[in-house]
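The values are calculated or read from the model by the stated rules, or taken from the named source; none is laboratory data. Every value quoted in this text rests on a predicted model; they were computed, and no experiment measured them. Methodologically, a virtual Cβ is constructed for each residue, glycine included, from the backbone with ideal geometry; neighbour enumeration extends over all protein chains shown.
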Amino acid sequence: MSAIPSSALGARGRTCRGPLFALLILTWPAMGHAAKTDLLVLRNGDRITGQVKGLSRGKLDFSTDDAGRLAIEWVKVARVTSSGQFDLEMTSGARYLGRILAADRDGALTIEGSPGDTLEIQSVVRISELAASFLRRVKAYLDVGFTFAKANSAKTITASGEAAYRGPKIGTTLSFDSYVQGQETVPTSTRNTAGLEVTRFLPKRWSALALASLEQNDQLNLAFRFTGGGRMNRVLFQSNKSELVAGGGLVGTREQFSPNAADATVSKEIKTNLEALFTTTWDAFRFDSPTLDFSTTLNLYPGLSTLGRVRGEINTRLKYELFPDFNIGVKVTDTFDNRPPDASASKNDYITSLTIGWSYRR
């Protein structure tokens, strides 16, 4: 079809601009928001109309016009249909792409375009919108704690947090952990850790990670330690109540210790080491009252360039949700090194803290 010359529109074309512009303004809100026409049927028979936003850690994120955003236990869902395009992951690690359609019975669903597969709802552990924005793919939390004692004006501040992005193939996690204790007549003691992980998700519940971290710990006389390397992870078990992950790899470290001034025999030089890395993480989540979220991670670093040296860290976090997105919790961290280069340094350091926390889409 040939284009119509602008001269052919004349005054008639110009007079149409006003009504057309007004029509665009009136319809703009409808054009900017997807219709909430997805249907959710619960096991008790309740029917909710809205929009499926995602599924993670046993909770379905469901947006409605009247009640706003809802976090619904996935185990209580009987049927769900959605016109959106999603990436679904099963307990087996298998993935399906497409629209979610209702099956011919409760407790199941089908995916448009899949070869007739009927999927058990309870076997679906993760749902992500294919067109989700960056912020909708991010999960984060921040925990803080503070204590003050009249004796010696002792003060302790703890803070830890994490921000994790998960895309269809690549994920990124930023984390930090900080501890500061000060009191009269005693030097302030600090402990700080910051880490970055980049994950490439692979088939059959495998993933490849590149990692980097920085550490400092006065209790262990550790001035700094940089760790960089990689590992392979595999999800050994996953459900809508828990997840178990294990992995292994290699890392290189650059570290420097700050020995006591009175000990002149200990070198302050920066040392480079090669270490193996073994890690395991167990997450468990419960959304019936009381709402609990538990996670524990063990990292072990057997020395390869310094045989016989083994260092590691255990992190355990338990939180109880007070109301949506806010919680109280307990965090326990234990760091150990059976053969620190500074013989005067402690071989173990542990911290237990009570925290108040905030979470985003977690």
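What's the number of the condition Val186 fails, among (1) over 30 Å from Ser344 (Cβ atoms); (2) surrounded by fewer than 14 Cβ atoms within 10 Å (Cβ to Cβ)?
(1) is the only condition that Val186 fails.
Which condition number does Ser213 fail, the rest of (1) without any contact (Cβ under 8 Å) to a residue 40 or more places away in the chain; (2) among the polar types (S, T, N, Q); (3) over 27 Å from Phe294 (Cβ atoms) being met?
Checking Ser213 against (1) without any contact (Cβ under 8 Å) to a residue 40 or more places away in the chain; (2) among the polar types (S, T, N, Q); (3) over 27 Å from Phe294 (Cβ atoms), the one that fails is (3).
Would you confirm, using the coordinates I've provided, whether Ala159 is aliphatic (A, V, I, L, M), at pLDDT 90 or above, crowded, with 16+ Cβ neighbours inside 10 Å and assigned to a strand (DSSP E or B)?
yes
Among what's in region 348-360 and is out of contact with any Gly (no Cβ under 8 Å at 6 or more places or on another chain) and in contact (Cβ under 8 Å) with a residue 24 or more places away in the chain, pick the residue that is nearest to Leu300 (Cα to Cα).
Among those that are out of contact with any Gly (no Cβ under 8 Å at 6 or more places or on another chain) and in contact (Cβ under 8 Å) with a residue 24 or more places away in the chain, it is Asp349.
Among the charged types (D, E, K, R), over 29 Å from Ser295 (Cα atoms) and assigned to a strand (DSSP E or B): which single residue out of Arg79, Arg69, Arg105, Arg126 fits that description?
Only one candidate passes the filter, namely Arg79.
Condition check ((1) under 18 Å from the mean Cα position of the chain (by Cα); (2) modelled with pLDDT of 95 or more; (3) of a type in the set (Lys, Arg); (4) at positive phi) across all residues:
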position: Val266; (1), (2), (3), (4): no, no, no, no
position: Ile270; (1), (2), (3), (4): no, no, no, no
position: Thr279; (1), (2), (3), (4): yes, yes, no, no
position: Phe285; (1), (2), (3), (4): yes, no, no, no
position: Asn299; (1), (2), (3), (4): yes, yes, no, no
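Take region 189-206 and flag every residue that is surrounded by 17 or more Cβ atoms within 10 Å (Cβ to Cβ) and within 15 Å of the chain's Cα centre (by Cα).
Glu197, Thr199, Phe201
Just checking, how many residues over region 348-362 are in a loop (DSSP other than H, G, I, E, B) and under 26 Å from Ile270 (Cβ atoms)?
Matching residues across region 348-362 total 0.
Return the total of residues in region 54-112 being under 20 Å from Phe323 (Cα atoms) and not basic (Lys, Arg).
Of the residues in that region, 16 qualify.
When region 168-204 is examined, which residues are found to be touching a residue at least 60 places away in the same chain (Cβ under 8 Å) and in a loop (DSSP other than H, G, I, E, B)?
Matches in region 168-204: Pro168, Pro203, Lys204.
Of Tyr165, Tyr141, Tyr96, which residue is within 23 Å of the chain's Cα centre (by Cα) and without any contact (Cβ under 8 Å) to a residue 24 or more places away in the chain?
Tyr96
Which of the residues belonging to region 267-311 are assigned to a loop (DSSP other than H, G, I, E, B) and of a type in the set (A, V, I, L, M)?
Across region 267-311, the qualifying residues are Ile270, Leu304, Leu307.
Anything in region 320-347 that is part of a strand (DSSP E or B) and touching a residue at least 40 places away in the same chain (Cβ under 8 Å)? List them, or say none.
Passing the criteria: Gly329, Lys331, Thr333, Thr335, Asp337.
Just checking, which of Lys271, Lys169 is exposed (fewer than 14 other Cβ atoms within 10 Å of the Cβ) and not small (Gly, Ala, Ser)?
Lys169
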